Amino acid sequence: MKGSSPSLLLGVTGSIAAYKSLDLIRRLREEGMMVRVVATANARHFFPFLSAEVFSDHKVETDLFSEGEGTGRIRHLALLDSADILLIAPASANFIARLSLGLADDLLSTLALSARIPILVAPAMEEAMYLHPATEEHRGRLVRRGVVEIAPEEGALASGRSGQGRMASLDRILEAVRRHLPSGQTRSQGPLSGRHVLVSSGPTYEPLDPVRFIGNRSSGLMGLALVRAARELGARVTLVTGPTALSSPPDVEVHAVETALEMKERLENLFPACDILVMAAAVSDYRPTSAMTEKRKKNGRGWSLDLQENPDILKGLAARRRPGQCLVGFAAESSLDREKLLEKCRAKGVDLLVANDISNPLTGFGSSENEALLLRPDGGCLPVSRRSKDALARMIFENLPFRPSPPNNAVTEEA
């Protein structure tokens, strides 16, 4: 049985960043967590097992077929019995691929496939590997299954180059762990503690008949990344989502809608109680004037549709905002014209507009990465280069106007 103190399984894979896991074990223990380390065969090349056993006060587990201590059960089941979280830090490109494909050929991969507890991964690798389309596909698949990615940072890499792929800081990893502890376990305060964040996400579907609809390609991945980032920073989060195949994190209040009018009604009801609204949903601009109650049959004469505009949900909410509320809007554009986007930012009445170019196949709908412009109504503009949607989500919250301390990546005026 799981005890009153948090119990964490720490997976260590064959990445040069594995040496940082020793300090991570120490930090986790200092916060009162019991830590059991599970290492892959490749981790032996980078990770000192004996030191890890001293720091964790437990043997480093590697053998899939050994029996649990005094239980007679196979090892991975015995370990999962007492675990609250599975954290894989560092997670190599190789292990991320195996986890995505559902391979279970060693103890750690078998644990991950069997786990019914939160799984957090902290990737660490060279930038070229992290941004490779194959790795991107595997990461995206894991996120859609509910695995939490603690996005890597930009900085010096093992090759001597600088880029994205450096394992997230221990502070960020610890904060993510705290956010995913079971209810009742100790959680620390974050910069958004006490704030209520309302996120809209996904597409909307406008029915033509019981079978067909007008929709868009939004996957909901950006909205889910915003939900994770807000929780990691300490906020209480409510999600209003259109139809997606994504799993929401625990402790998030979720409202599922289908049409733009349903989303409008739900957001209008929830908006007065929130501190921050992040409107990341791709809301349909048009809806049919009327929908058929039965499936339309082919008749050889084509089908002309009569469409009407949907209301501008964000603009309507901005007109009803109370003092202190913060609004973030999104703009998916085929090209980014800064002056036109600034006009849109001001017209919408938002504090921050996140504009992204949907014509780039590497950062468009369905991708696990994004690049954007963050714009303020006063003319401030921050270009954000291609990175994971989790990293972009965190930058968005770091650039909100009421943050108690200056962010590391504050929006600045361009000369």
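Every number here is computed from the coordinates shown, using simple stated rules; none is lab data. Note that the structure is predicted; figures quoted are calculated from it, not measured. Using ideal geometry, Cβ is built from the backbone for each residue, glycine included, and neighbour counts are taken over all protein chains shown.
Along the Cα-to-Cβ line of His132, 7 Å from the Cα, sits a label point; which residues in the range 369-399 have backbone N less than 19 Å from it? Residues 369, 387-388 qualify, since their backbone N sits under 19 Å from the label point. For Lys295, the aspartates and glutamates whose Cα falls under 18 Å of its own Cα, not counting residues fewer than eight places away in the same chain, are Glu206, Asp209, Asp306.
What translational D, rounded to a whole number of µm²/s, comes out for the chain from Stokes-Einstein when the hydrodynamic radius is the Kirkwood one over Cα pairs, at 25 °C and 0.890 mPa s? Don't skip to the answer; put the middle values down first.
Numbers: Rh = 22.8 Å.
The Stokes-Einstein estimate is 108 µm²/s.
Spacing of the modelled spin labels on Glu265 and Ser359, each 7 Å from Cα toward Cβ, amounts to 3.9 nm.
Computed log10 I(q)/I(0) for the range 7-179 at 0.13, 0.16, 0.18 Å⁻¹: -0.58, -0.90, -1.16, from the Debye equation with unit scatterers placed on every C-alpha and solvent omitted.
Can you give the FRET efficiency for Lys315 and Thr289, using 1/(1 + (r/R0)^6), R0 = 25 Å, r = Cβ-Cβ distance, to the nearest 0.05? Display every interim value, and only then the final one.
Details: r = 22 Å, r/R0 = 0.89.
Efficiency at R0 = 25 Å is approximately 0.65.
Against the empirical 2.2 N^0.38 Å scaling, what ratio does the C-alpha Rg of the range 145-277 come to? Can you show the working numbers first?
Working: Rg = 17.6 Å, N = 133, 2.2 N^0.38 = 14.1 Å.
My calculation over the Cα atoms of the range 145-277 gives 1.24.
The C-alpha atoms of the chain define a longest principal axis, and helix 20-30 lies at about 90 degrees to it.
Restricting to Cα pairs below 8 Å that are 6+ residues apart, what does the relative contact order work out to for the chain? Please round to a whole percent. Computed over the chain, the figure is 11 percent.
Sorting 216-228, 107-119, 313-325 by average packing, meaning the other beta carbons within 10 Å per residue, from highest down gives 216-228, 107-119, 313-325.
Calculated on C-alpha atoms, the gyration radius of the range 284-373 divided by its Kirkwood radius gives an Rg/Rh of 1.11. Label separation (Leu307 vs Glu153): 4.5 nm, computed from points 7 Å beyond Cα along the C-beta direction. Listed cross-link partners Lys340/Lys389; Lys264/Lys340; Lys20/Lys59; Lys344/Lys389; Lys297/Lys389 are compared with a 30 Å cut-off, the Cα-Cα value being larger for Lys297/Lys389. Extension gain for the segment Ser247 to Glu30, taken as residue separation times 0.36 nm less the Cα-Cα distance, is 75.0 nm to one decimal.
Take the Cα of Arg346, go 7 Å toward its beta carbon, and the backbone nitrogen atoms of the range 374-398 under 16 Å from that spot belong to 375-381. Projecting the Cα atoms of Gly146, Thr110, Leu24 onto the dipole axis of the range 7-179, where Lys and Arg carry +1 and Asp and Glu carry -1 at the beta carbon, places Gly146 farthest toward the positive end. Model label sites at Glu53 and Asp23, defined 7 Å from Cα along the beta-carbon direction, differ in position by 2.5 nm.
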